[in-house]
1. Checking Asn35 against (1) at pLDDT 95 or above; (2) open to solvent by less than 20 Å² (accessible area, probe 1.4 Å); (3) not hydrophobic (A, V, I, L, M, F, W, C), which single condition isn't satisfied?
2. Pairs only if they're at least six apart or on different chains, beta carbon under 6 angstrom, first in the range 65-92 and under 28 Å from Phe106 (Cα atoms) and hydrophobic (A, V, I, L, M, F, W, C), second at pLDDT below 80 and open to solvent by less than 40 Å² (accessible area, probe 1.4 Å); list them, first residue then second.
3. State yes or no: is Asp103 open to solvent by 20 Å² or more (accessible area, probe 1.4 Å), under 20 Å from Pro67 (Cβ atoms), free of Cβ contacts under 8 Å to residues at least 40 places away in the same chain and outside any strand (DSSP E or B)?
4. Which of the strands (runs of 3 or more DSSP E) contained wholly in the range 326-423 include at least 2 residues that are closer than 25 Å to Ala304 by Cα and open to solvent by 50 Å² or more (accessible area, probe 1.4 Å)?
5. Checking Val147 against (1) in contact with a helix residue (DSSP H, G or I) (Cβ under 6 Å, 6 or more places away or on another chain); (2) in contact (Cβ under 8 Å) with a residue 60 or more places away in the chain; (3) part of a loop (DSSP other than H, G, I, E, B), which test does it fail?
6. Would you mention how many residues in the range 44-78 are within 27 Å of Ile132 (Cβ to Cβ) and either part of a loop (DSSP other than H, G, I, E, B) or touching a Pro at 6+ places or on another chain (Cβ under 6 Å) (or both)?
7. Taking Asp288 as the residue in question, decide whether it is modelled with pLDDT under 95 and either within 24 Å of Ser17 (Cα to Cα) or surrounded by fewer than 17 Cβ atoms within 10 Å (Cβ to Cβ) (or both).
8. Limited to the range 115-152, what total is found for residues that are open to solvent by 20 Å² or more (accessible area, probe 1.4 Å), among the aliphatic types (A, V, I, L, M) and within 24 Å of the chain's Cα centre (by Cα)?
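The values are calculated or read from the model by the stated rules, or taken from the named source; none is laboratory data. Nothing here was measured: the structure is a model prediction, and the numbers come from that model. Cβ sites come from the backbone with ideal geometry, for glycine too, and all protein chains shown count toward neighbours. SASA here: full protein model, heavy atoms, side chains in, ligands and nucleic acids out. Shrake-Rupley method; radii C 1.70, N 1.55, O 1.52, S 1.80 Å.
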Amino acid sequence: MSQSFYTLRDTCRLCHSGRMNKVVPLAALPVASPNVGQSTLVEDVAPADCWQCEDCGHLQLATIVDPAFQYRNFQYETGISLGLREHFGRFMGELVERGDLKDDSFVIDIGSNDGSLLQLAKDHGGSKVLGIDPAERIARDATARGVPTIGDFFTPDLADTIAAEHGRADVVISNNTVANIDDLHSLFGGMRTVLADDGIVVVETQYGLDMIERMLLDVIYHEHVSYFATRPMQTFFEAVGLELIRAERIAPKGGSIRFIAQKKGGPRSVDASVVELIVEEEKAGFYDGRMFDTFNKRIADTGAEIRKRLEASREQTARGLVFGASVGCAALIHYFELGDLIDAVFDDTPLTNVIRSTHGDIPVLTGAQLKNEMPCDVGVLAWRYTTAIASGQQDFVAAGGRFYRALPDLAYRDGTEDEKPMA
């Protein structure tokens, strides 16, 4: 494979400044993640370092993997993530309560995946929905299930076509998608094109402040090229003809943010939450570099402790085991340099049969196969689901096996804790 499958940018995605600082140096990752259908056929790696813009403060990756390669044969579907549909359902209810989602509303979802969110929009009264997603098989399947979905990338030209053929939307949603897109000006410009004059744009995405404060290292990988914060986005929205009217910290992915915007001059007032979050970000040191030294040290310390535990397990049972084969889990194997200490990766819904590492391919087995292993300590890379995983492995636990989560601290869980999986 040639380097043409990825490029490196040297300017900020939001403000186009060339004043970029490397704030989180990380090990390079394979360009093909477990979410890519061709993940076992491609060997190239590319940088995964995080850079922050000196001018606007946006946190981002420089690496851009070819979107067609990443997403045309995308494997991940929303239904895999425990709790995510429930989260979407709660938010649809909030939109109804605020009067933003009515019986005659037209809802567009950019990055709609399997249509889960739009089905919930229909269930909550939205009379017309339209999804856009480049994963062609997933888009076809969603359409067949009754959620009309355009199997393509959302571009300014497609936005013009949608506005002409379908009309303008009352609600334009893009959840867990904007972080994956390099050309944010075209994306949000297209959103403005398809948005009704009194409509709203709703974006849910990884929150940069939570990512650093809560040690959410597993959300950093090539699919996610941006890690958003309120101050840079407020300025960016203005630049593309939109106005940020609300900013909310939300639970999914360990710590995310919901931005709600309208066209400039729209009917809604700006909520106090926008200024409040900007003040929080500034006080925390997100824009002056103070947070990143601590974050980098935690990466080193956590990796050393996980390696120590895997070494101990191999001394006792000759096997080093971890649970979780998602793209974020695979990234942790590289960041913590675990490849030479892991003999098998387990996952209840694996999208690949191997995880590629610098020490060779690591086999991925189903969660049901863990019963064939000697009891030992298992590191849970899919750390948000540690309690749920342990709860489903009670025979292994009863035999003496233990599960410890990899982030944000290495706490043990036996499946009896009163913890609900975080979407």
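1. Asn35 satisfies every listed condition except (1).
2. So the pair list comes out as Phe74/Asn35; Leu84/Thr78; Leu84/Ala423.
3. For Asp103, the condition - open to solvent by 20 Å² or more (accessible area, probe 1.4 Å), under 20 Å from Pro67 (Cβ atoms), free of Cβ contacts under 8 Å to residues at least 40 places away in the same chain and outside any strand (DSSP E or B) - is not met.
4. 360-366
5. In the conditions (1) in contact with a helix residue (DSSP H, G or I) (Cβ under 6 Å, 6 or more places away or on another chain); (2) in contact (Cβ under 8 Å) with a residue 60 or more places away in the chain; (3) part of a loop (DSSP other than H, G, I, E, B), Val147 misses (2) alone.
6. 10
7. Yes; evaluated as a whole, the condition is true for this residue.
8. Of the residues in that region, 2 qualify.
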